Amino acid sequence: MSELRTTLAAQIVDWLGREGFAVGDHVVETDLTRQFGVSRTPVRAALAILGRQGVLEARPRRGYFVRGLPRRGEAEAPLPVAAEEDVLYRRIADAHSSGCLGEEVTESDLRRLYACSRIVLTRVLTRMAEDGLVERKRGHGWTFMPSLDTPQACEESYRFRLAIEPAALLVPGYALEPEAIARCRRRHEALLARLDAFTASEWSEMNAEFHELVVGGSGNRFFLQGMRQQNRLRRLGESGGTISRERVIVSCREHLAILEAIESGDLTWASALLRRHLEGAGKGMRPPA
């Protein structure tokens, strides 16, 4: 059983929980390939794993349906995740953002600083390269790529998003599954109902998923790839501290209006609303839109 498949299975379980899937809900294979940016082969293998574990139920010629999602931290046999890699990824990224690491590093330096194995470090640097955070130098070492650590970089990020996100809604054949829209709406409404209890990281994750969902409806892998990279960069630039309650309320309501326009089939209006939403968030480099 490959690490990719078991890790993907764990990610699918986490995603199903965050998206509010309930017993009996259909888990659509193409939604997973779009969400995780992988082909059908590893998705099918991960679904088969979850079927054997009783998380999902396979129905002939219909696909997989939720049978029973484990509570967080209460799964009988927790799926393996690359926790060590995740921690090292964040430590390296945070060290660079804070100025503790220069623009160029070597693998030997990183192994000495973080006391990690060569194989773990290689995997982390490969992930960071795929996310557009580092680039291998010719011959020796790695170079950090520009990130959202300056006002200019943030401005450029918003300009890039203004170019791709509203355009994604106008791609011929744009479509979002009604179930996906309904789940996203429920999450936003639930957050608005408990504004005194949400955390900045919770909002950040839900916000990123909203924008990936909307862009993903275009079916254009390059739009979605660009959106995911922006979200990764934004996560790395966030302190995890506080966020404006008022801004969250405004963003949630704007998200809901965009979803309503998509659901009604008025994609031109949805695109205009999304553009206005991004322009408002970009003024003064406000918290994530």
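Some observations on this one:
- Total residues in the range 168-201, condition open to solvent by less than 50 Å² (accessible area, probe 1.4 Å), over 19 Å from Arg228 (Cα atoms) and assigned to a loop (DSSP other than H, G, I, E, B): 2
- Single condition Leu121 does not satisfy, out of (1) assigned to a helix (DSSP H, G or I); (2) open to solvent by 40 Å² or more (accessible area, probe 1.4 Å): (2)
- Just one of the numbered conditions (1) polar (S, T, N, Q); (2) surrounded by 14 or more Cβ atoms within 10 Å (Cβ to Cβ); (3) at pLDDT below 80 is not true of Ser239: (2).
- Of all residues in the range 18-64, those that are in contact with a Gly (Cβ under 7 Å, 6 or more places away or on another chain) and over 26 Å from Arg187 (Cβ atoms) total 1.
- The lone exception for Leu233 - which of (1) surrounded by 19 or more Cβ atoms within 10 Å (Cβ to Cβ); (2) without any contact (Cβ under 8 Å) to a residue 40 or more places away in the chain it fails: (2)
- Per the listing Ser117, Ser147, the residue uniquely hydroxyl-bearing (Ser, Thr, Tyr) and closer than 23 Å to Ala281 by Cβ is Ser147.
- The set of residues from the range 138-167 being among the small types (Gly, Ala, Ser), more than 18 Å from the chain's Cα centre (by Cα) and in a helix (DSSP H, G or I) comprises Ala153, Ala163, Ala167.
- Scan of the range 93-130 for residues that are in contact with a Gly (Cβ under 7 Å, 6 or more places away or on another chain) and β-branched (Val, Ile, Thr), ordered by number: Val105, Thr106
- Reported count of residues in the range 87-112, each being part of a helix (DSSP H, G or I) and either at positive phi or surrounded by 13 or more Cβ atoms within 10 Å (Cβ to Cβ) (or both), is 15.
- Pair list, Cβ < 8 Å and 6+ apart or interchain, from the range 249-267 residues that are open to solvent by less than 40 Å² (accessible area, probe 1.4 Å) to residues that are among the acidic types (Asp, Glu): Leu256/Glu189
- Candidate set: the range 31-54, residues that are assigned to a loop (DSSP other than H, G, I, E, B) and closer than 17 Å to Asp14 by Cα; chosen: the one least open to solvent (accessible area, probe 1.4 Å): Gly54
- Number of the exception - Met1 against (1) within 23 Å of the chain's Cα centre (by Cα); (2) modelled with pLDDT under 85; (3) hydrophobic (A, V, I, L, M, F, W, C): (1)
- Scanning the range 15-30 for residues that are among the charged types (D, E, K, R), in contact (Cβ under 8 Å) with a residue 40 or more places away in the chain and open to solvent by 30 Å² or more (accessible area, probe 1.4 Å) yields Arg18, Asp25.
- Only one of Leu47, Leu125 that is within 30 Å of Gly139 (Cβ to Cβ), in contact with a Phe, Trp or Tyr (Cβ under 7 Å, 6 or more places away or on another chain) and modelled with pLDDT of 90 or more: Leu125
- Criterion: closer than 26 Å to Gly280 by Cβ, aliphatic (A, V, I, L, M) and at pLDDT below 85 - qualifying residue of Ala197, Ala193, Ala163: Ala197
The values are calculated or read from the model by the stated rules, or taken from the named source; none is laboratory data. In this text the structure is predicted, and so the values were computed from the model without any measurement. Cβ: placed from backbone, ideal geometry, glycine included. Neighbour counts: every protein chain shown. Quick note on the areas: whole protein, heavy atoms, side chains included, nothing else; ligands and nucleic acids left out. Shrake-Rupley method; radii C 1.70, N 1.55, O 1.52, S 1.80 Å.
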